[in-house]
C-alpha cells in the first residue's frame, strides 16, 4: 500500500483531472462523483500523513486543495471557450451579421422583387418557385396556385418570397375595360292606352 502522503498527492491530481473532464465530457455526473470521492480521500490521507508530524506540508496541501478546485474549473472553461480544443467539445452557434441572420440571403431575395417566374409546386399558400433559374421557397397571395402557374415576386419575407399570379399588362387593361364602371341608368318607356283609362286625359 502506498504511503499516505503519496496517496494524497495522487488522488488530488486525479480528482482535479476528473473535475476538469466532467466539464468537457457528458457523463451524467459520474465523473463529478468520482472526482469528489478522490478529493475527499486525498484530504483524509493528507491528514493522516502530515497533520501531526509535518503541519507545514499539510497546510500547503490544503491550500492547493482549496485553491485548485476553482482554478481547474475556471481554467477548463477558458480552454473550452478560447482554444481549438473547445471547438471539438462544444458547438458554437453560427456567427450572425450585425443586421440579423441570413442577411446576404435576404439581400439576394430583395433583388428578385418585380421578377417573374414559375411555380414548380402547388402554392397552398407555401411552395417552391423558379425565378431566374433558381428555386426558392415562396408563399402566394390569394387563392391556391397550381404547379406551372406564372408568378410575379412582390415581396420578400425573411428567407421566403411572396408572389402573386402574373397578369400580362394587355390582359389587365382588357379587364379594366370590360368591367362595368359607369353604367347609364336604363329608362323604361311605357305607353298608356287612353281606352284603358276610366277618365279622360285633358287636351293641352
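Only the coordinates and a few stated rules stand behind these numbers; no lab work does. Quantities reported herein were computed from a predicted structural model and do not represent experimental measurements. So basically every Cβ, Gly included, is an ideal-geometry build from the backbone, and we count neighbours across all protein chains shown.
Spin-label point model (7 Å from Cα, Cβ direction): what's the residue 146 to residue 71 distance in nm?
7.8
What's the extension gain from residue 165 to residue 63 if we count 0.36 nm per residue and subtract their Cα-Cα distance?
29.1 nm is the gain from fully extending residue 165 to residue 63.
Tell me the label-point distance for the pair residue 118, residue 37, using the 7 Å Cα-to-Cβ offset, in nm and rounded to one decimal.
Roughly 7.0 nm, to one decimal.
Where q = 0.19, 0.25, 0.26 Å⁻¹, what log10 of I(q)/I(0) comes from the Debye formula for segment 103-169, counting one point per Cα?
Reported log10 I(q)/I(0), two decimals: -0.59, -1.03, -1.11.
Counting other C-beta atoms within 10 Å, which of 30, 130, 123 has the fewest, and how do the rest follow?
30, 130, 123
Please sort 50-57, 148-155, 61-68, 11-18 by packing, taking for each peptide the average over its residues of neighbouring beta carbons within 10 angstrom, highest first.
11-18, 148-155, 61-68, 50-57
For the pair residue 107 and residue 139, how long in nm is the line joining their label points, each one 7 Å along Cα→Cβ?
2.6
Once a ≥ b ≥ c are taken as the square roots of the eigenvalues of the Cα gyration tensor of segment 4-89, is the result rounded (a/c under 1.5), prolate (a/b larger than b/c) or oblate (a/b not larger than b/c)?
Prolate, because a/c is 1.5 or more and a/b exceeds b/c.
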